[in-house]
Amino acid sequence: MATLKAVRGTRDLLPPETALWNRIEATARAVFARYNFGEIRTPVFEETSLFARGVGEETDIVSKEMYTWEDRARAASEKTQSLTLRPENTAGVVRAYIEHQLGETGQLQKLYYIGPQFRRERPQKGRYRQFYQIGAEVIGPPSAGSESPLRDAEVLEMLATLLDELGITGWTLELNSVGSSADRGRYNQALREALAPVVSQMCPDCQRRAVTNPLRVLDCKVPEDQPIIDALPRIADHLDQESERHFAAVTAALDAAYVPYRRNHRLVRGLDYYTRTTFEFTHGGLGAQNALLGGGRYDGLSEAIGGPKAPGIGFAMGEDRLALTLLAQEAAKAPLADAYVAPLGETMNAAALQLARELRHLGLWVELGEGSFRLKKSFEAADKTARQMVILGEDELQSGMLTVKNFSTGMQTKVPRAELAGFLSQPDC
Ligand code: HAM
């Protein structure tokens, strides 16, 4: 019988990596609490029409990547429904905002979520079919200040703080404005006109997008198409005065808070609900899937799914990509145990357990080896797990003088047992 494996694009998370995931989530929760966000948990599946209307029928996510099924009626009172595993969480949060009439409070709702999302994408490094997002949304009636550029800047400043507190170094904030839906209509028209004489020289995807959704041409990564795309009109030249003013206020607030950013005129994002500010935080260490997180403003989303006017802004971080980045950073400086206790022969196992216990009680981080290993194998195992190795043989036990090998200096030292803990806890020079 063929062995059963996790489905393509899904994976198990095992220790020690799960400890890193828990640390990421704990840091995110602590930062969100300081900015007065509360947690929301929405269902993992929703009616398909929520994503079709919210995210947009023309998007890759809705048109090709959703896990959708017909859920059969089980009783006369039920009807067959089309359901979908959530490919993202913003539409679900806005659905919950409408359903629970959170706008009636007159307050801004600041909500965060952590959980799995599902997209049938081609799996590769940093891209999975079940992946995890840590996201947040700020949404409310205009009277609560939900349209203010200050909200955009605060969310971006919070993200810079969170990435710094997670210890992610070398991120870049890429920022753009896609304007109002009227601006985008004018821009789409300008793009269509500019693309008409050149599109036949472009890749098949661009040829299709030029007709269905010209904005998506800006996402193309095919090298030969880049000079053509660079020469296309920019959305910045099609923004109305209000959108321009909004963007200028966001960047002024970021400057005042010392949050660095780069204007990326091609950042239009793959979901249709965005208006005005769009952004991504990218990281060079991630390869092709270089977006650590993405987000933006969605002033018309609530109305698009049948709710009241409720402008909002939010983001979602790819938790898998945060973990990948931190693992790569930490591999460069993998934390090692203080000591590996290596018994010389199986008869020394019990004495080695006692020594490890003594050291651990004194607060040291200790790995215990195995007496049946040959010395070479013990050396190899110790070198991978600890800064130092303590050799415990018959002679060492009798004399009370233990041999300590330091892997970074290469030195081997005889240390009296009573001084061992102090010796092992010294930092390497
Ligand atoms: P998104 O750009 O589709 O936006 O996804 C946000 C982040 O989720 C990406 O930057 C990436 O880190 C991660 N991600 C997306 N797809 C995958 C995948 N297949 N495998 C691994 N990681 C992935 C949204 O989902 C919006 N809901 C964000 C938002 C919130 N906008 C406003 N509010």
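Each Lys and Arg contributes +1 and each Asp and Glu -1, all at the Cβ; summed about the Cα centre of the chain, the dipole is approximately 720 debye. When you filter the trypsin sites (Lys or Arg not before Pro) in segment 1-58 for DSSP loop state and at most 16 other Cβ atoms inside 10 Å of their Cβ, you are left with Lys5, Arg8, Arg11, Arg41. The relative contact order of segment 339-424 comes to 30 percent, based on Cα pairs under 8 Å that sit 6 or more residues apart.
Note on segment 241-312 and segment 145-223: Cα centroid distance 8 Å, given to the nearest whole angstrom. Residue separation of Gln124 and Glu99 scaled by 0.36 nm, minus their Cα-Cα distance, works out to 5.3 nm of gained length. Taking R0 as 60 Å, what FRET efficiency do you get between Arg234 and Met1 from their Cβ-Cβ distance, rounded to the nearest 0.05? Computed FRET efficiency for Arg234 and Met1: 0.55. If you roll a 1.4 Å probe over segment 205-269 with all protein chains in place, what percent of the accessible area is carbon or sulfur? The nonpolar share, carbon plus sulfur, comes to 53 percent.
Take the chain with all the other protein chains still there, run a 1.4 Å probe, and you get 49 Å² of accessible area per residue. Taken along the Cα-to-beta-carbon direction at a fixed 7 Å, the label points for Val211 and His265 span 2.8 nm. Charged neighbours of Ala6, selected by a Cβ distance under 11 Å, balance to +3 (K, R count +1; D, E count -1). Using the Cβ-Cβ distance between Gln81 and Ser181 with R0 = 22 Å, the FRET efficiency computed as 1/(1 + (r/R0)^6) comes to roughly 0.15.
Taking all protein chains as shown and a probe of 1.4 angstrom, Asp255 keeps an accessible surface of around 90 Å². Could you work out [θ]222 nm for the chain from helices alone, using -39500 (n - 2.57) per DSSP H run of at least four and dividing by all its residues? Round to the nearest 500 deg cm²/dmol. About -10500 deg cm²/dmol.
Exposure check, 1.4 Å probe, all protein chains in place: Val198 carries approximately 40 Å² of accessible surface. Couplings 3J(HN,Hα) of segment 126-139, computed from phi: x, 10, 10, 8, 10, 10, 10, 10, 10, x, 8, 9, 10, 8 Hz, in residue order, whole Hz [Karplus 6.51 cos²θ - 1.76 cosθ + 1.60, θ = phi - 60°; x for Gly and Pro]. Shown for segment 136-194: the carbon plus sulfur share of the solvent-accessible area, taken with all protein chains present and a 1.4 angstrom probe, equals 51%.
Rounded is the label for segment 339-424, because a/c, from the alpha-carbon gyration tensor with a ≥ b ≥ c as root eigenvalues, stays below 1.5.
Mean separation of Cα pairs under 8 Å and 6 or more residues apart, divided by the residue count, gives segment 91-170 a relative contact order of 26 percent. Hey, what did the chain get for relative contact order, percent, Cα under 8 Å, at least 6 apart? Computed value for the chain: 15 percent relative contact order.
Carbon and sulfur: what percent of segment 339-424's accessible surface (1.4 Å probe)? Carbon with sulfur: 54 percent of the solvent-accessible area. Each Lys and Arg Cβ is given +1 and each Asp and Glu Cβ -1; about its Cα centre, segment 143-292 then shows a dipole of about 460 debye. Think of segment 339-424 as having a plus end and a minus end, set by charges on the Cβ of Lys, Arg, Asp and Glu; of His361, Gly393, Ala381, Ala381 sits farthest toward the positive end of this dipole. Simple spin-label estimate for Ser49 and Ala196 gives 3.8 nm between the two label positions (7 Å along the Cα-to-Cβ direction from each Cα). The modelled label-to-label distance between Phe423 and Asp395, using points 7 Å beyond Cα along the C-beta direction, is 1.4 nm.
The values are calculated or read from the model by the stated rules, or taken from the named source; none is laboratory data. Please read these numbers as outputs of a predicted model, since none were measured by experiment. All Cβ positions, even for glycine, are placed from backbone atoms using ideal geometry, and neighbour counts span all protein chains on display. We work out accessible area using only protein heavy atoms, side chains counted, and drop any ligands, DNA or RNA first. Shrake-Rupley method; radii C 1.70, N 1.55, O 1.52, S 1.80 Å.
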